[in-house]
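Just below is one structure, and these are the notes that go with it.
The values are calculated or read from the model by the stated rules, or taken from the named source; none is laboratory data. Since we're looking at a predicted model, the values are computed, not measured. FYI the Cβ positions are ideal-geometry reconstructions off the backbone, even for glycines, and counts take in every protein chain you see. The accessibility values were calculated without ligands, DNA or RNA, using every heavy atom of the protein model including side chains. Shrake-Rupley method; radii C 1.70, N 1.55, O 1.52, S 1.80 Å.
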Amino acid sequence: MTSKQWLQTLVPPILVVGNSVLKSSVPESEYTSVVRINNYVLGGLSGNKVTHWVANGYQNIEDRPVRPVFVPWNIKCEEKRGNDGIVFQNRIGKENVIHPIEDRHLSWWFPGAASRGKGFPTTGFCFLSWLFFLRIRPDIIGFDGMQTGHQGDPTYPHGHRSTSEREWYLIRQWGLRRR
């Protein structure tokens, strides 16, 4: 499956669920497509609906039953940044991992993001920037500017704080509806 074919499986309305600590229930029944990020948590406020999985592809990503998984940057970018993504692909099967053909969405919003050590955005924002680049506007929940940890571990320290300001600027510019 190509990234274009994967994209066609997203049926509106679309909700992207980030991994911040939730303050209200995910309104999953209102959405045809519910996209979960990385090591997503189900149950409780998070609900249980998952139609699509987006992951960074690194070794720390736990296996999930949703196939295929979309990694929101090109495989060449993955190779530049290290072999973690390659290990992930080998672990769950190359046919189960989809990358976009190019990274224009990243180079536009996050110049230099493909280089190691340059403020690389979170997986969720890489995915949102890809959707925005393609003129697809989902609703979002569970994105709080990395102020909290993860749903599964509220004390988790984020390594992406350097990109937080840029990412929040993008959400405001895009006018995404936050749930």
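Pairs meeting the criteria (first residue in the range 75-92 and among the aliphatic types (A, V, I, L, M), second residue surrounded by 20 or more Cβ atoms within 10 Å (Cβ to Cβ) and modelled with pLDDT of 70 or more, beta carbons under 6 Å, at least 6 apart or on different chains) are 75/99. If you go through the range 1-27 and keep only what is in contact with a Leu (Cβ under 7 Å, 6 or more places away or on another chain) and not aliphatic (A, V, I, L, M), you end up with 24, 25.
Screening the candidates 31, 58 for the property of being touching a strand residue (DSSP E or B) at 6+ places or on another chain (Cβ under 8 Å) and among the hydroxyl-bearing types (Ser, Thr, Tyr) yields one hit, 31. Once the range 73-82 is narrowed to residues that are open to solvent by 10 Å² or more (accessible area, probe 1.4 Å) and assigned to a helix (DSSP H, G or I), the residue that is modelled with the highest pLDDT is 75.
Tell me, which residue of the range 23-48 that is of a type in the set (Val, Ile, Thr) and more than 16 Å from the chain's Cα centre (by Cα) is surrounded by the most Cβ atoms within 10 Å (Cβ to Cβ)?
Initial filter on the range 23-48 (of a type in the set (Val, Ile, Thr)): 26, 32, 34-35, 37, 41.
Add one more test, that the residue is more than 16 Å from the chain's Cα centre (by Cα), and what stays is 26, 32.
Numbers: 26: 22, 32: 12.
Applying the filter and picking the extreme gives 26.
Can you find, within the range 103-137, the residue that is modelled with the lowest pLDDT among those that are β-branched (Val, Ile, Thr) and under 16 Å from residue 168 (Cα atoms)? Step by step, filter the range 103-137, then rank; the result is 122. Residues of the range 15-30 that are of a type outside the set (Asp, Glu) and more than 14 Å from residue 53 (Cβ to Cβ): 20, 21, 22, 23, 24, 25, 26, 27, 29. Candidates in the range 120-141 are the residues that are open to solvent by 10 Å² or more (accessible area, probe 1.4 Å) and assigned to a loop (DSSP other than H, G, I, E, B); of these, the one that is nearest to residue 23 (Cα to Cα) is 122.
Restricting attention to the range 149-179, the residues that are of a type in the set (S, T, N, Q) and surrounded by 18 or more Cβ atoms within 10 Å (Cβ to Cβ) total 3. Taking residue 20 as the residue in question, decide whether it is touching a strand residue (DSSP E or B) at 6+ places or on another chain (Cβ under 9 Å) and open to solvent by less than 30 Å² (accessible area, probe 1.4 Å). Taking the combined requirement at face value, the residue satisfies it. In the set 85, 93, only one residue is buried (at least 18 other Cβ atoms within 10 Å of the Cβ) and at pLDDT below 90; that residue is 85.
What number of residues within the range 54-72 satisfy the criterion of being more than 11 Å from residue 17 (Cβ to Cβ) and in a strand (DSSP E or B)? Before the answer, list the steps.
Our first condition is that a residue be more than 11 Å from residue 17 (Cβ to Cβ); within the range 54-72, this holds for 55-72.
Right, trim to in a strand (DSSP E or B) and you get 69-70.
So the count comes out to 2.
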